[in-house]
1. May I ask you to compute the full-extension gain from residue 129 to residue 110, defined as 0.36 nm times their residue separation minus their alpha-carbon distance, rounded to one decimal in nm?
2. Put +1 on the Cβ of every Lys and Arg and -1 on every Asp and Glu Cβ in the chain; which of 99, 29, 109 then has its Cα farthest towards the positive end of the dipole?
3. Would you mind classifying region 56-135 by shape? Square roots of the alpha carbon gyration tensor eigenvalues, ordered a ≥ b ≥ c; an a/c under 1.5 is rounded, otherwise it is prolate if a/b is larger than b/c and oblate if not.
4. Please work out the average accessible area per residue across the chain, using the 1.4 Å probe convention, and give it in Å².
5. Among the GluC sites (Glu not before Pro) in region 72-150, which ones are in a DSSP loop with at most 11 other Cβ atoms within 10 Å of the Cβ? Mind listing them?
6. State whether the chain is rounded, prolate or oblate according to the following rule on the C-alpha gyration tensor (a ≥ b ≥ c being the square roots of its eigenvalues): a/c under 1.5 gives rounded; otherwise a/b larger than b/c gives prolate, and the remaining case gives oblate.
7. For residue 60, which lysines qualify as cross-link partners when the Cα separation must be under 20 Å and same-chain residues fewer than eight apart are set aside?
8. Using Cα pairs closer than 8 Å and at least 6 residues apart in sequence, work out the relative contact order for the chain, in percent.
Amino acid sequence: SFATPSKIQIVKLNSSKKSVAKHVSVDLPDGVIQNLRVKDAEALAKILKEIWKKIGFKEKSVGIVIPESLTYTKLLKLPNLESSELDEAVRWQAFEYLPHASEDLILDWKIVGKEDEELNVLIVAILKEVLGGYVKSAHLAGLFPLVVETPSLSLIRFSDANQVGTVFVYESFQEAIILISQGQSIIASSVVNILEEEEVIIVAKQMIKHYSQVSIEQIVIGGPKMSPVIAS
């Protein structure tokens, strides 16, 4: 499921997990989600219960896609350490960049590449209180969150781009996510208000120029209501 201040989207995959079997988009009452944070977990849980009952969903295990702008993503380069030392090294370096204390954040990471004696490590972090609102709503609705993800990570997995440099522009709910990736590595991402269509193009060009070390070989554009201006 994916939530915005005005809507929640729920996607059910087919048995092979390779295509969408059902898609539901429901308007949310004012105040349930504010500034992309859950403010009324009980109300959101009630809505989720109603959706499950109305649509007839039987599956209780779910994944939660957290809005991109609520998370922190960073690509780190670290020495090729032993696995027993790597987690501590990742967290030590990560919290030099993150703007919150370690006790306030939940952080996860994975190795996304290796160059000579260095490892490329992708980290993703989110405030505990922010994640807690979404997880609490799911639990109150009788659901079991198994995975938490960001739109950027979903886009990269969808692309199956190997080590190809890629620019993604994905529009949804008056926002556009602009993402530059190298294989499974997120090099940079930005969220732009879709109401300023020309701004999306400007930001994408600036990002490509700034991260010129990435050789862009493909551009992926999509979204449920993609603007003709951006698509062209």
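The values are calculated or read from the model by the stated rules, or taken from the named source; none is laboratory data. What you are looking at is a predicted structure, and each value in this text was computed from that prediction instead of being measured. Glycine also receives a Cβ, built like all others from the backbone with ideal geometry; neighbour counts cover every protein chain displayed. Please note that ligands, DNA and RNA were not included when accessible areas were found on the heavy atoms of the full protein model with its side chains. Shrake-Rupley method; radii C 1.70, N 1.55, O 1.52, S 1.80 Å.
1. 4.5 nm
2. Going by the Cα projections, it comes out as 29.
3. In terms of gyration-tensor shape, prolate.
4. 57
5. 82, 117
6. oblate
7. Answer for residue 60, where 20 Å is the Cα cut-off: 12, 17, 18, 22, 46, 49, 136, listed by chain and number.
8. Worked out over the chain, it gives 17 percent.
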